[in-house]
């Protein structure tokens, strides 16, 4: 830690903007200029007074941060690993399984980057596993096996203090590590954006705890240039009716559980629920017309989602986590009409499986929730068997979720009002249009006819 006594402190700079006034404290440490803006003059004067008192006491300033040595005392006294564990424990009860998992992944990469030295006694993969699956898991940490405990103790001893974040070069180094995959390639834009978002929340927690004075992560244009993402659906991922029909038919004829899986995928295709919503459905959530009316529509009620997050991330020890619908208020439901073709499929499915009203509509082989691995494996096998090799390698229907994207796009292309599609999909209209606007087509001829019917400017009279 390099320090200096070469410090100059200037008057507070006041800037009156259109919306608010900012008061900026300015000072120079070893020739480097520093600025700290505040929302009130009292805060600015208080901070400036602290700097002046430090120089009056003959206290050295840290060149890397521009702050007196005493400002680093709390952050210097706590190791980053200790702080990361405390943060995980503070947030654990407030968040769901997927959020817990994502925080553990981000903090694992960050902690490895903030080690004083890389481990020689342990394999790098073992260190990451110990951090991700045990150190950053409030439920499992106390039950960690002896070899994992040894790794975590080593990490705690060799972890840099939280004050390392006050060095801009260290911040850049950590962000590069978080943005890089284990194979050395840059992580996907969504992963980078998610990790930055998580670290920002972690830094804000450190500021609230008065461990750090300010959030050290870069802001604004410094981050957006490298994390541009889009919610828009790739038009190439959508299935055409012939492809969907061929895939569903192959799944239906699948020897092991084919008919049961066929009913599940047909529900995704005809009604567009999220997969975690479909696997949570009960028989009583389906309203079928009376027997014999197979050409009539059914109605599906969605009120629960059970995403698959892994038993180590749930409080119940179950693989799936029970939640309310995404983007909806607690206890809110939504109903979606089911095509007559789905009416016939679901009626036969309920009869074949001997299901009762309280039973899961789509069950696994042992009667529990249909496993995500089974769903994904069946879908991939069907695509590979039905689609030409060049289409199989393309984005077309690559994900199970593409059934939902295909259905929502078809509703929009068929002229269903966006507000109604959003209601059936469980989205806001704004999100729906931002996600699917690029996929809406086939309406241009009708739009041209409307524009022609609206007319143009009247013809000018003859100038003769």
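The values are calculated or read from the model by the stated rules, or taken from the named source; none is laboratory data. All of these numbers come straight from a predicted model, not from anything done at the bench. Virtual Cβ from ideal backbone geometry, glycine too; neighbours counted across all protein chains shown.
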Requested in this report: Considering only the stretch 111-170, state which residues are without any contact (Cβ under 8 Å) to a residue 40 or more places away in the chain and either in contact with a strand residue (DSSP E or B) (Cβ under 7 Å, 6 or more places away or on another chain) or more than 22 Å from residue 182 (Cβ to Cβ) (or both).
Outcome: 142, 143, 144, 145, 146, 149, 150, 153, 157
Query raised in the report: What do you reckon, is residue 24 touching a strand residue (DSSP E or B) at 6+ places or on another chain (Cβ under 8 Å), under 28 Å from residue 179 (Cα atoms) and either surrounded by fewer than 17 Cβ atoms within 10 Å (Cβ to Cβ) or assigned by TED's automatic domain parsing to the domain that holds residue 200 (or both)?
Result: no
Report task. May I ask you to list the residues in the stretch 197-219 that are free of Cβ contacts under 8 Å to residues at least 60 places away in the same chain and assigned to a loop (DSSP other than H, G, I, E, B)? Result -> 209, 215, 216, 217, 218, 219
Query raised in the report: How many of the residues in the stretch 202-222 are surrounded by fewer than 13 Cβ atoms within 10 Å (Cβ to Cβ) and either modelled with pLDDT of 85 or more or within 18 Å of residue 108 (Cβ to Cβ) (or both)?
Result: 1
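Does residue 315 qualify as being closer than 29 Å to residue 98 by Cβ, surrounded by fewer than 21 Cβ atoms within 10 Å (Cβ to Cβ) and within 26 Å of the chain's Cα centre (by Cα)?
Yes; evaluated as a whole, the condition is true for this residue.
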Query - Odd one out for residue 37, checked against (1) outside any loop (DSSP other than H, G, I, E, B); (2) at pLDDT 90 or above; (3) not assigned by TED's automatic domain parsing to the domain that holds residue 152 - result: (2)
Requested in this report: Give the residues of the stretch 70-100 that are touching a residue at least 60 places away in the same chain (Cβ under 8 Å) and not in a helix (DSSP H, G or I), sorted by residue number.
Outcome: 78, 79, 96
Query raised in the report: If only one of 407, 399 is under 21 Å from residue 252 (Cβ atoms), within 24 Å of the chain's Cα centre (by Cα) and surrounded by fewer than 16 Cβ atoms within 10 Å (Cβ to Cβ), which one is it?
Result: 399
Query raised in the report: If you take the residues in the stretch 51-69 that are surrounded by 15 or more Cβ atoms within 10 Å (Cβ to Cβ) and assigned to a helix (DSSP H, G or I), which one is nearest to the chain's Cα centre (by Cα)?
Result: 69
Query raised in the report: Here are some residues: 124, 161. Which one is surrounded by fewer than 18 Cβ atoms within 10 Å (Cβ to Cβ), in the same structural domain as residue 215 (by TED's automatic domain parsing) and over 30 Å from residue 305 (Cα atoms)?
Result: 124
Report task. For the stretch 34-48, name all the residues that are within 25 Å of residue 4 (Cα to Cα) and under 38 Å from the mean Cα position of the chain (by Cα). Result -> 34, 35, 36, 37, 44, 47
Query raised in the report: So which of 260, 282, 274, 253 ends up being over 16 Å from residue 359 (Cα atoms) and touching a residue at least 12 places away in the same chain (Cβ under 8 Å)?
Result: 274
Report task. Give the number of residues within the stretch 73-100 that are buried (at least 20 other Cβ atoms within 10 Å of the Cβ) and either more than 30 Å from residue 313 (Cα to Cα) or modelled with pLDDT under 90 (or both). Result -> 1
Query raised in the report: Somewhere in the stretch 415-423, is a residue in the same structural domain as residue 336 (by TED's automatic domain parsing), touching a strand residue (DSSP E or B) at 6+ places or on another chain (Cβ under 6 Å) and at pLDDT 90 or above?
Result: no
**Report entry** Residue satisfying all of: in the stretch 349-372; surrounded by 11 or more Cβ atoms within 10 Å (Cβ to Cβ) and not in a loop (DSSP other than H, G, I, E, B); nearest to the chain's Cα centre (by Cα) among these
**Finding:** 372
